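Novice: What follows is a single structure, and I will ask about it in a moment.
Values in this text are rule-based calculations from the coordinates and carry no lab data. Nothing here was measured: the structure is a model prediction, and the numbers come from that model. FYI the Cβ positions are ideal-geometry reconstructions off the backbone, even for glycines, and counts take in every protein chain you see.
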Amino acid sequence: MLEVRELTRRFGGLTAVDRVSFSIGPGEMVGIIGPNGAGKTTLFNLLTGFLRPDGGSVRFLGRDITGWPPHRIARLGLVRTFQLVRPFPNLTVLDNVKVAALVHTPSSGEAERVAWKLLEETGLAPFAGAEARSLPVGLRKRLEVARALAARPRLLLLDEVLAGLNPEELAETLGLLRRLHEGGLTLVLIEHIMAAVMRLCRRVIVLHQGRKIADGPPEQVGRDPAVVEAYLGEEFVA
Amino acid sequence: MKGERPFHPRLSADQAVALGLFLLAALSPLVVRDNYLLDTISLILLWAAMATAWNIAGGFAGQVSLGHAAFFGLGTYLVALPQVYWGWSAWFGLGLGAAASAGVGLIVGYLSNRLRGPYFALATIALSQVLLVVFSRWREVTKGGEGVPIPFRPGLENLAFVGKGPWVYAMLAYLLVVFAVALYFERGRLGQLLAAVREDEDAAAAVGIDTRRLKVVAIVVSALLTAVGGALWAQSIGFVDPFYVFSIDISVKMALIAIIGGMGRSVGPLIGSILIISTESYLRATLSGPQAGQTGLYLIIYGLVLILVVRFLPQGLAPLILSLLRRGKVGA
């Protein structure tokens, strides 16, 4: 479904993403983890067209999307969320989702129906009329997911949607991700904290200093000496 | 409950105010006998329409242009020249100007994808100045710096009228068209997508919105409508002077009216135009030396008002005036 080959991006002397290759099959739920500065978000930016790679290629659904503008990649079904959530602050929660749905339908009524359905699914319906900026951060993260879902993803890239949630919000979001996955959506999660990812995903990719250092089931990755070394001094729960 | 969540909840109040203003304008030729006042009303309507057209690019798409005189000027020249050379109907020239302006708007639209903020504004100023040079120097075609007198052949078929009353209706008709288009850009499907682009361009692109194309569309429509305003203005005045129609004054006035009235809402430019144009008209009538008024005082007042509005009322005067109206209604 998604094939990433030798993807590379440099910032000055720093190679933020260094010849990273992997592929994601349909229906997978994959976690991408790594210490701060490992290149996780840069990788997402490269996949979704917000940054141009210095080398390598990205194929999605059989098409070479390297260098495509972000909106075309999103329309093809490779949709991302932002780590620092970016809902449209002065639009209502409903309109945030509706506007993404409008990309795929000329009908305002149809877009609104889709938006309501997604708000119910994500538990945001009670806040539909509130301006997005008035939501607490936990709900704003979920709104970011709801809006991304309205963009009709085939593969959803989630950038740290679990970080910073309180235990209750965390449980709700984990439930939401499981339901989406069971519904057939392919998911790739970036997380800094690993406990949840280790529980949720059957496959984990570890980045360190821009390189992929491990790729496999969580138990195996957790025992990998290179991974243990990369995370030295950090709390690690397998 | 679900149906009652409009995209812009305040819109109905805005529309009511706009409708009231249109009705007042439509009645004015029946009541008002003073030609100077009718002239002022025509100008208020014309500038309200052009500021509304400006607002489609500047307010709704966030592309602040200070070169809209380029489109206005193209409208004036392309309505004037075919009449002078071939005696064609002004309607033909109006269409020609609109088409040419849309073409130039397309170029400006692509510029807007390369240049942001002040750089875009500077590029638009440069464009209007280039057109000024072309039209004031290319004597063989444009008659050069002396300008172009338009032969007066009254009649609707030639878009020329005797007296002031018909012009009020012509300008009102133009304003209604522009306002309807602006409403679509405010609350229609396009408007909702543009709202997302204004709020956060990257986030909009991330859900699949083609932010570049939307901005280009807004600028092209804005340019086209502005050229129609130029054509109407030229027909009502009967003379085209390159140094006026391509001047920065014209560009700034369009932006100023929209900013002072309230950018990004359809009713803003209407309120802005009433304030600015009636003040200007009043000053022109009261100050003895028209030259002194033209060059000095206007600019000082413009500048002061602009600074005050941007500093203290970044949403423009529209919200303030609307809330005053509402309070008045509650009190009564």
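Novice: Just want the ordering: B:MET254, B:MET263, from fewest to most Cβ atoms lying within 10 Å of their own Cβ.
Specialist: Lowest count first: B:MET263, B:MET254.
Novice: Can you tell me the relative contact order of the range A:123-238? Whole percent, Cα pairs under 8 Å, sequence separation 6 or more.
Specialist: Computed over the range A:123-238, the figure is 18 percent.
Novice: What does the convex hull of the alpha-carbon atoms of the range A:172-223 project to on average, in nm²?
Specialist: 4.0 nm²
Novice: Let me ask something else about it. Would you please classify the overall shape of the range B:52-185 from the alpha carbon gyration tensor, given that a ≥ b ≥ c denote the square roots of the eigenvalues, rounded means a/c under 1.5, and beyond that prolate means a/b larger than b/c while oblate covers the rest?
Specialist: It comes out oblate by the Cα gyration axes.
Novice: 7 Å from Cα along Cα→Cβ at both B:GLU146 and A:ARG154: what's the point-to-point distance in nm?
Specialist: 6.8 nm
Novice: Over the alpha-carbon set of the range A:1-50, work out the extent along each principal axis and list the three values in angstrom, largest first.
Specialist: 37, 21, 18
Novice: Then there's this: Looking at the protein assembly as shown only, what percent of DSSP beta bridges run antiparallel? Nearest 5 please.
Specialist: About 60 percent, rounded to the nearest 5.
Novice: About its Cα centre, how strong a charge dipole does the range A:88-238 have in debye, to the nearest 20, once Lys and Arg get +1 and Asp and Glu get -1 at the Cβ?
Specialist: For the range A:88-238, the charge dipole is close to 440 debye.
Novice: Sort B:192-198, B:77-83, A:25-31 by the packing proxy (mean of other Cβ within 10 Å over each peptide's residues), most packed first.
Specialist: Highest-to-lowest ranking by the protection proxy: B:77-83, B:192-198, A:25-31.
Novice: Using +1 at the C-beta of Lys and Arg and -1 at the C-beta of Asp and Glu, which of B:ASN113, B:LEU283, B:PRO319 has the Cα lying farthest in the positive direction of the dipole of chain B?
Specialist: Comparing the listed Cα positions along the dipole, B:PRO319 ranks first.
Novice: Next question, about the same structure. Where is the GNM fluctuation largest for chain A (alpha-carbon springs, 10 angstrom cutoff): A:GLY67, A:GLY184, A:GLY12?
Specialist: Top of the fluctuation ranking is A:GLY12.
Novice: Among A:ASN36, A:ASN96, A:ASN166, whose mean-square fluctuation peaks in a Gaussian network model of chain A (Cα, cutoff 10 Å)?
Specialist: A:ASN166
Novice: Moving to a separate point now. Looking at the square roots a ≥ b ≥ c of the eigenvalues of the Cα gyration tensor of the range A:74-210, which shape do they give, rounded for a/c under 1.5, prolate if a/b is larger than b/c, or oblate?
Specialist: prolate
Novice: Over all directions, how big on average is the projection of the convex hull of the alpha-carbon atoms in the range B:93-144, in square nanometres?
Specialist: Average projection, Cα convex hull of the range B:93-144: 4.0 nm².
Novice: Moving to a separate point now. Which residue, chosen from A:GLY109, A:LEU155, A:ALA230, occupies the Cα position most advanced towards the positive end of the dipole of chain A, where the dipole is computed from +1 (Lys, Arg) and -1 (Asp, Glu) charges on Cβ about the Cα centre?
Specialist: Toward the positive end, the furthest listed residue is A:GLY109.
Novice: Give the total of Lys-Lys pairs in chain A with Cα-Cα distances below 23 Å; include a pair only if its members are 8 or more places apart or on different chains.
Specialist: Pairs that pass both the separation and distance tests number 5.
Novice: Could you pull out every residue, at least 5 positions away or on a different chain, whose amide H is within less than 5 Å of the one on B:PHE239? Hs are placed 1.01 Å off N in the peptide plane, and Pro or chain starts have none.
Specialist: It is B:ILE150, by chain and number.
Novice: Using all alpha carbons of chain A, what is the percent of pairwise distances in each 5 Å bin, ordered from the shortest bin to the longest?
Specialist: Values per bin, smallest distances first: 1, 7, 14, 18, 19, 17, 12, 8, 3, 1, 0.
Novice: Can you classify the range B:225-288 as rounded, prolate or oblate using the Cα gyration tensor, where a ≥ b ≥ c are the square roots of its eigenvalues, rounded means a/c under 1.5, and otherwise it's prolate if a/b beats b/c and oblate if not?
Specialist: oblate
Novice: Another question, if that's okay. How long, wide and thick is the range B:128-251, going by the Cα atoms along their three principal axes, in whole angstroms, largest first?
Specialist: Taking max minus min along each principal axis of the Cα atoms, the range B:128-251 gives 54, 35, 23 Å.
Novice: Quote the charge dipole size of the range A:131-174 about the Cα centre in Debye, to the nearest 20; the model charges only the Cβ of Lys and Arg (+1) and of Asp and Glu (-1).
Specialist: 280 debye
Novice: Across the residues of A:80-89, average count of Cβ atoms on other protein chains within 10 Å?
Specialist: Per residue, the average neighbour count from other chains is 3.
Novice: Based on the Cβ-Cβ distance of B:ARG153 and A:ARG202, what FRET efficiency does E = 1/(1 + (r/R0)^6) give at R0 = 56 Å, to the nearest 0.05?
Specialist: Given R0 = 56 Å and the Cβ-Cβ separation, E is 0.10.
Novice: Give me the one-decimal Kirkwood hydrodynamic radius in Å for the protein assembly as shown, with the sum taken over alpha-carbon pairs.
Specialist: 26.5 Å
Novice: Residue by residue through the range A:205-222, what is 3J(HN,Hα) from phi via Karplus (6.51 cos²θ - 1.76 cosθ + 1.60, θ = phi - 60°)? Round to whole Hz and write x for glycine and proline.
Specialist: Coupling constants for the range A:205-222: 10, 10, 9, 8, 6, x, 10, 7, 10, 7, 7, x, x, x, 4, 5, 4, x Hz.
Novice: Per residue of the range B:25-36, what does 6.51 cos²θ - 1.76 cosθ + 1.60 with θ = phi - 60° give for ³J(HN,Hα)? Whole Hz please, x for Gly and Pro, Karplus curve as stated.
Specialist: Once θ is set to phi - 60°, the couplings for the range B:25-36 become 5, 5, 7, 4, x, 6, 9, 7, 10, 6, 4, 5 Hz.
Novice: Suppose every Lys and Arg Cβ carries +1 and every Asp and Glu Cβ carries -1, with no other charges. What dipole size does the protein assembly as shown come out with about its Cα centre, to the nearest 20 debye?
Specialist: Here the size comes out at about 460 debye.
Novice: How many Å³ per residue does the convex hull of the Cα positions in the range A:68-149 occupy?
Specialist: Hull volume normalised by residue count: 92 Å³.
Novice: Apply the Karplus curve 6.51 cos²θ - 1.76 cosθ + 1.60, θ = phi - 60°, to the phi angles in the range A:26-40 and return the couplings in whole Hz, x for Gly and Pro.
Specialist: Ordered by residue, 3J(HN,Hα) equals x, x, 6, 10, 10, x, 10, 10, x, x, 3, x, 6, x, 5 Hz.
Novice: I need the semi-axes of the equivalent ellipsoid of chain B: take the C-alpha gyration tensor, multiply each eigenvalue by 5, square-root it, list largest first in whole angstrom.
Specialist: For chain B, the ellipsoid semi-axes come out as 30, 25, 19 Å.
Novice: Right, something else. Compare the Cα positions of B:LEU194, B:VAL217, B:GLY165 along the charge dipole of chain B (+1 at Cβ of Lys, Arg; -1 at Cβ of Asp, Glu; about the Cα centre) and return the one farthest towards the positive end.
Specialist: Ranked along the dipole, the leading option is B:LEU194.
Novice: How big is the range B:133-187 by Rg and Dmax over its Cα atoms, in Å?
Specialist: So, for the range B:133-187, Rg and Dmax equal 16.8, 46 Å respectively.
Novice: Now for a separate question. Which far-off residues, 5 or more places away or on another chain, put their amide H under 5 Å from the one on A:THR122, with H placed in the peptide plane?
Specialist: Amide H to amide H, under 5 Å and 5 or more residues apart or across chains, A:THR122 pairs with nothing.
Novice: Taking chain A as a Gaussian network, Cα atoms linked when under 10 Å apart, which of A:VAL93, A:VAL227, A:VAL197 shows the biggest mean-square fluctuation?
Specialist: Taking springs between Cα atoms under 10 Å, the residue moving most is A:VAL227.
Novice: Return the long-range amide H neighbours of A:ILE32 (sequence gap of 5 or more, or a different chain), with a cut-off of under 5 Å between placed amide H atoms.
Specialist: Those qualifying (amide H under 5 Å, at least 5 residues apart or on another chain) are A:LEU189, A:ILE190, A:GLU191, A:ILE205.
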